[in-house]
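Have a look at the structure below, then the notes.
The values are calculated or read from the model by the stated rules, or taken from the named source; none is laboratory data. Just so you know, these numbers come straight off a predicted model, no measurement behind them. A quick note on method: Cβ atoms are made from the backbone with ideal geometry, for glycine too, and the neighbour counts reach across all protein chains shown. We work out accessible area using only protein heavy atoms, side chains counted, and drop any ligands, DNA or RNA first. Shrake-Rupley method; radii C 1.70, N 1.55, O 1.52, S 1.80 Å.
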Amino acid sequence: MVVINRWESLFLREYSGWILVYGRRKVGKTFILTHSLEYDLYATITYSGDCLVYDRSSVSSVSIDKCMKSVESVLSSNGVCVIDEFQRLDKKYWDILSLLHGRSKGRLVLCGSSFGIVRSVFDRNSPLLGLLLPFHIDLISPGDAVVSLLDIILEPLEAVKWSVVARDPWILGLIEPRGDPVKVLKHYSRMLVSACRGLIGEVFYDEERKLTRLYDTVLYLLAKGYCSSQTLTQKLYEKGLIENYNPGVVTGILNQLVSIGLVEKIPLWRTRGSRIYYHHRSPLLAILYSVSNIVETGLEPSLDDIVEVYSIELQFFIGELLAKYYGLVRAYTMLPKGRGDVDIVLLDRHSRRPVIGFEFKIGEISRSEAYRAIERMKSIGIPRTGLISLEEKPSYLCDECLGLEDIIAMAKKLYSIERRRVRDMVK
């Protein structure tokens, strides 16, 4: 299986205090913990309320009480203890953990697949308040994905294209990243859509919510390009899934999906009628959700079905990489009256004013396309303009022309920047 070298692993190795690791299911939390930490005891709370305890030499199933006694023993001996699926641990044990904090120099790492657990742990009435550093593990960083895939001897273009979906690491346990990712996703679409649906169900279960038809349809519509609360409200109302045409209700649903790590908010700059572009956080889940209806009727999606969504996800992936590289905020612009859009707009973090805009294409950008894009960006007040092509570096008159080699160089630089930042944090 391909292993991505992640900056989070370095942080968990170097940080010595108590920590709460959290994030959406299947983003690699357990893998990072088991491969990064020299732990003395690793306990996983099961759905049934027992514990699976790993002590480097054996695995045993024990009661919660016995598990907590082992945890106490390890921490009292100044050892390292990990409790995984912490959201399943009854809160009556939290007081025990809080008392252990002041009695030993041992290190405790808690890991949860629920965003709700963070609110509970840091509630003002929680006995664990102030004892743990919250550490969110998200999708794999764009820089980490590109550099790691290059290290397994992928060609540069393959590495960039596969990085879009490999940011969700569970796919790497099922599929080897080789060749054209669109063709591979098409070939394995039935298996992957099934895995996607199981994952979404688990995420909702962790958050103590039920995956209803309403939530499921919102995720499907987002994958099909309905990106605002207004357009989503219209579609849901037409389907009879909401009783009244009320965008406020849909905004509440979208905010819940944001809070559990399935959806992200991308700022819209100079787009009339909306300030937020709602988008699947995971490119892989967006692609699979977009073809789920086709697959579940027993048919196979076409290449065009997958290319349509994949191309958008690649655009946003490049935008996120550039935003992290420059220390800016990724945004997007959709212009009225058929005037097109600006693929990538990078905003200043404080003023939220545009710094630079980019036209992005996988293939070659023609002279006429370049001039139209540059004029479009200048006409709406973007001070600097850029062009990006993964096939051939543009050579037209703009402030920044980027090709595949430039994107690779930025990914490598970002890879180094993130590790330097970790070392500065834990000094």
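With respect to (1) part of a helix (DSSP H, G or I); (2) surrounded by fewer than 19 Cβ atoms within 10 Å (Cβ to Cβ), the lone exception for Leu321 is condition (2). For region 296-308, filtering for residues that are part of a helix (DSSP H, G or I) and open to solvent by 10 Å² or more (accessible area, probe 1.4 Å) leaves 5. Here Lys427 passes the criteria (1) touching a residue at least 24 places away in the same chain (Cβ under 8 Å); (2) loosely packed, with under 13 Cβ neighbours inside 10 Å except the one numbered (1).
Within region 130-149, can you find the residues that are under 19 Å from Leu33 (Cα atoms) and in a helix (DSSP H, G or I)?
Step one: of region 130-149, the residues under 19 Å from Leu33 (Cα atoms) are 132-141, 144-145, 148.
Passing the criteria: Asp144, Ala145, Ser148.
The criterion of at least 2 residues that are touching a residue at least 60 places away in the same chain (Cβ under 8 Å) is met, among helices (runs of 4 or more DSSP H) falling completely within region 176-291, by 181-187, 189-206, 213-223, 283-290. Being modelled with pLDDT under 95 and more than 21 Å from the chain's Cα centre (by Cα) is a property that Ser274 has. Answer yes if at least one residue in region 327-334 is farther than 30 Å from Lys26 by Cβ and either open to solvent by 50 Å² or more (accessible area, probe 1.4 Å) or without any contact (Cβ under 8 Å) to a residue 60 or more places away in the chain (or both), and no otherwise. Yes, the conditions are met somewhere in region 327-334.
Somewhere in region 110-129, is a residue assigned to a loop (DSSP other than H, G, I, E, B), crowded, with 16+ Cβ neighbours inside 10 Å and touching a Cys at 6+ places or on another chain (Cβ under 7 Å)? Scanning region 110-129 turns up no residue that is assigned to a loop (DSSP other than H, G, I, E, B), crowded, with 16+ Cβ neighbours inside 10 Å and touching a Cys at 6+ places or on another chain (Cβ under 7 Å).
Taken over region 390-404, the criterion of being over 13 Å from Ile344 (Cβ atoms) and assigned to a strand (DSSP E or B) is satisfied by Cys401 alone.
In region 335-387, of all residues being without any contact (Cβ under 8 Å) to a residue 12 or more places away in the chain and of a type in the set (S, T, N, Q), the one that is least open to solvent (accessible area, probe 1.4 Å) corresponds to Ser366. Checking every residue in region 141-161 against the condition of being at pLDDT 95 or above, open to solvent by less than 30 Å² (accessible area, probe 1.4 Å) and among the basic types (Lys, Arg) gives zero matches.
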